[in-house]
Amino acid sequence: MPGQARRGIHFVEPLIFERGAAGRHGSSVPALDVPAADPAALFGAQFRADAPNLPEVSEPEAFRHYVRLSQANFSIDSNMYPLGSCTMKYNPKVDEHVARFGGFANLHPYAPERMLQGALELMYRLERGLAEVCGLDRVTLQPAAGAQGELTGLMMIRAWHAAQGRNPRKVLVPETAHGTNPASCALNGLKAVPFPAGADGVVSAEKLAPHVDDDVAAIMLTNPNTVGLFERELPRIAQLLHDKGALVYGDGANLNALMGRTRPGDLGIDVMQFNLHKTFTTPHGGGGPGCGPVGYKKTLAPFAPTPTVEKREDGVYYLDHDRPQSVGRLRSFYGNFGMMVRAYTYLREMGAEGLRGATELAVLNANYLRACLGDTWHVAFDQVCMHEVIISDRHLKDTGVTTMDVAKRLLDYGFHAPTVYFPLVVRGAMLIEPTETETKESLDEFVGALEAISREAHEDADMVKHAPHLTRLRRLDETRAARNPVLRWRPPTGGEAIG
Ligand SMILES: *Cc1c(COP(=O)(O)O)cnc(C)c1O
């Protein structure tokens, strides 16, 4: 095996679904001691005539099957996952524990309000906590993802303009923005107008000014931005927009670099989304549940999604549906409630000091990586960064090794790749976000792996270009996997599997 990696992922044997033998099973049920009922009489046409063709396996076989499946995927619970912009931090297990409390997990969504008081109180308190963190007046917990939060925020902005008899069509979006920003504009029938950041990577109020005209509804800014830099002109930019009757939308996905230190609302942001699955922990990725609450200033309150969670003077919590100017309901029932439980647990567990500490450590870790990697790799904006740092494949140009090859080779070393080829403004970008939950040792190992890969690229480029070598599968056709996913197991010899 070329280039012996230090922490490869090993598989004991290939994953196969076709295990077991007829008559093998994993349970022992006592013999029937009552007269057998006729299932066809009980279930009528719903009762199938033939048993499904399923594998018959022992308990250890079933167990090993699922554990192996879990090992075939890369996970934050086994290794470092520095996927920039995604804040793949360790999720404290106490959050999982609390989310599984029967009183939360088994709540029926149609239960009457008087039986939901605990859940409503948790939502009410979480809203207050998040409002404090972002420095805005209220927060809706409904949206089920950051992207849906953006959609919600822009809907509220549109409704706010409409209530004043205005209908501005443009939203200013910097070129570095996440793809969901222009998509949210499009879904709102608004036109995303891209504009470049300055050469130093941040938006300049002076350069922005000519773009702000009467047809601008809002600006969407990510702070820190997607190149990992603090938007230090934000208060001036907000002033510029407010003077023209426009609003400032904050993409809050990078709150992990601000929480406890500064508040978006204090910097001039009117409305923003949280990504609870990023900043406030919850396992994410792989299409798992998200939660993208939206914080907003009082002036936008009439337009917030319905219902809101309110508290009566006698201490009873209720859902307020009587909101005539609301943009409506964005999500069925109450949103992804389990994530709210995790986020609330995390907030209480961390406290103000803890949130601030996490922010400081996340920023320190990213700057440590920037300093260490700068010896070998090209750092795109070599200045003090926030919680993430961008390197590129520029110094590997002569070797033919690209960012994609480096990403794949990192898997052999036991690291998930950083975010690659994003943001678009840096050629061959690798956006690295270590988060506060990595130790100095794992950061050093990550630096060691990238230094080794740089050496390998110069000495044995072909080997890097064919990486990964140690994973169960090699390079996948990612487009086909996304467009034509095979999500259902089918038995090998005809028969019908249950979906
Ligand atoms: C993750 C992210 C989003 C979108 O959030 P989702 O929860 O994935 O929908 C938007 N903007 C930025 C900067 C992000 O990193």
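The values are calculated or read from the model by the stated rules, or taken from the named source; none is laboratory data. Quick caveat: nothing in here was measured; it's all calculated off a predicted structure. Cβ sites come from the backbone with ideal geometry, for glycine too, and all protein chains shown count toward neighbours.
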ask   = Do any strands (runs of 3 or more DSSP E) lying entirely in the stretch 243-355 carry at least 1 residues that are within 30 Å of residue 212 (Cα to Cα) and within 15 Å of the ligand (Cβ to nearest atom), and which ones are they?
value = 247-251, 271-273, 294-296
message = So residue 463 ticks every box in (1) aliphatic (A, V, I, L, M); (2) part of a helix (DSSP H, G or I); (3) closer than 24 Å to residue 364 by Cα but one. Which box is left unticked?
response = (3)
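Yes/no matrix, rows are residues, columns are (1) in a loop (DSSP other than H, G, I, E, B); (2) among the charged types (D, E, K, R); (3) more than 16 Å from the ligand (Cβ to nearest atom); (4) in contact with a Leu (Cβ under 9 Å, 6 or more places away or on another chain):
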{"position": "64", "(1), (2), (3), (4)": "no, yes, yes, no"}
{"position": "67", "(1), (2), (3), (4)": "no, no, yes, no"}
{"position": "70", "(1), (2), (3), (4)": "no, no, yes, no"}
{"position": "74", "(1), (2), (3), (4)": "yes, no, yes, yes"}
{"position": "78", "(1), (2), (3), (4)": "yes, no, yes, no"}
{"position": "81", "(1), (2), (3), (4)": "yes, no, no, no"}
{"position": "87", "(1), (2), (3), (4)": "yes, no, no, yes"}
{"position": "90", "(1), (2), (3), (4)": "yes, no, yes, no"}
{"position": "94", "(1), (2), (3), (4)": "no, no, yes, no"}
request  = Return the only residue of 407, 457, 417, 449 being within 22 Å of the chain's Cα centre (by Cα), assigned to a helix (DSSP H, G or I), buried (at least 20 other Cβ atoms within 10 Å of the Cβ) and at pLDDT 95 or above.
outcome  = 407
request  = Run residue 166 past the list (1) surrounded by fewer than 23 Cβ atoms within 10 Å (Cβ to Cβ); (2) of a type outside the set (Gly, Ala, Ser); (3) touching an Asp or Glu at 6+ places or on another chain (Cβ under 8 Å) and report the number of the one that doesn't hold.
outcome  = (3)
Qualifying position, being over 25 Å from residue 89 (Cβ atoms), among the small types (Gly, Ala, Ser) and touching an Asp or Glu at 6+ places or on another chain (Cβ under 6 Å), among 205, 238 = 205
task = Kindly indicate which of 312, 323, 263 is in contact (Cβ under 8 Å) with a residue 40 or more places away in the chain and assigned by TED's automatic domain parsing to the domain that holds residue 185.
result = 263
request  = Could you check how many residues of the stretch 169-187 are away from the ligand (no atom under 15 Å from the Cβ) and either of a type in the set (A, V, I, L, M, F, W, C) or out of contact with any strand residue (DSSP E or B) (no Cβ under 6 Å at 6 or more places or on another chain) (or both)?
outcome  = 1
